[in-house]
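Just below is one structure, and these are the notes that go with it.
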Amino acid sequence: MSITMTIRLEDGIKGLEQLAAATQRNKSFLAAEAIAQFVESNEWQISEIQAALKEADAGDYASDQEVSAVAAKWMASAN
């Protein structure tokens, strides 16, 4: 299934024509790929944020001692 939509792009996106020619793809294909990647990235980020909020609400987070231990480990590795 596909959805048809019309979008307006800013004049500053002049590289789209060159990218389409260089990749032998049409502009619609490139726009659809860009939108798909954007949605996938944002879905992942929102999912991770929601999971983190559930953990925090459940009190499942690192103690001050655990955070200090990890920080000390990274500081030792940096030197």
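Read-outs throughout are calculated quantities, based only on the coordinates presented, and are distinct from any laboratory measurement. In this text, all values refer to a predicted model and were calculated from it rather than measured experimentally. Glycine gets a Cβ as well: all are built from the backbone with ideal geometry, and neighbour counts include every protein chain shown.
What the table shows:
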read-out: Residue among I3, I35 that alone is hydrophobic (A, V, I, L, M, F, W, C), surrounded by 11 or more Cβ atoms within 10 Å (Cβ to Cβ) and either under 16 Å from the mean Cα position of the chain (by Cα) or not in a helix (DSSP H, G or I) (or both); value: I35
read-out: Pair list, Cβ under 9 Å, 6 or more apart: segment 15-29 residue in contact (Cβ under 8 Å) with a residue 60 or more places away in the chain and of a type in the set (F, W, Y), other residue part of a loop (DSSP other than H, G, I, E, B) and surrounded by fewer than 13 Cβ atoms within 10 Å (Cβ to Cβ); value: none
read-out: Hits in segment 38-62 (condition: exposed (fewer than 10 other Cβ atoms within 10 Å of the Cβ) and either touching a strand residue (DSSP E or B) at 6+ places or on another chain (Cβ under 8 Å) or outside any helix (DSSP H, G or I) (or both)); value: A58, G59, D60
read-out: E66 being over 30 Å from S2 (Cβ atoms) and of a type in the set (D, E, K, R); value: yes
read-out: Test: Q65 is assigned to a helix (DSSP H, G or I), of a type outside the set (A, V, I, L, M) and surrounded by fewer than 10 Cβ atoms within 10 Å (Cβ to Cβ); value: yes
